[in-house]
């Protein structure tokens, strides 16, 4: 399994409901808004950032993200990267 990070910037979208639709659509495609730390704590990713563990190729992960965005009726900029690890600061803990 590979880990991918996906960044989506919705066009003309500054209101939370648009991101709520996107979050739901991305979840239906298997993407998560959360990241798990080495010590087992879960954190929210920044708005518009998602992660997925998948055996699919990079191009297919992009297609899946595009499908999710399309279902919101919005246009967006999408960036997919394969991740070999990450570190962070200031993310909000879940729960």
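No value in this document is a laboratory result; all are computed from the given coordinates. Values in this document were obtained by computation on a predicted structure and should not be read as measured data. Here the Cβ positions follow ideal geometry from the backbone for every residue, glycine too, while neighbour counts run over all protein chains shown.
At a threshold of 8 angstrom on Cα-Cα distance, excluding pairs fewer than six apart, so keeping six or more, what relative contact order does the chain reach in percent? Can you show the working numbers first?
Working: 140 pairs, mean separation 43.7, N = 95.
Computed over the chain, the figure is 46 percent.
Sort 22, 91 so the one with the fewest other Cβ atoms within 10 Å of its own Cβ comes first. Walk me through the numbers before you get to the answer.
Numbers: 22 25, 91 16.
Arranged by neighbour count, lowest to highest, 22, 91 become 91, 22.
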To one decimal place, what orientation-averaged projected area in nm² is obtained for the convex hull of the Cα set of region 2-83? 5.2 nm²
As a check on your grasp of the helix formula, calculate [θ] at 222 nm for the chain: sum -39500 (n - 2.57) over DSSP H runs of n ≥ 4, divide by the residue count, round to the nearest 500. -9500 deg cm²/dmol
Using a Gaussian network model of the chain whose springs link C-alpha atoms within less than 10 Å, name the residue from 55, 32, 71 with the highest mean-square fluctuation. 55
Once you put a point 7 Å from the Cα of residue 70 and another 7 Å from the Cα of residue 49, both along the Cβ direction, what distance in nm separates them? 2.8 nm
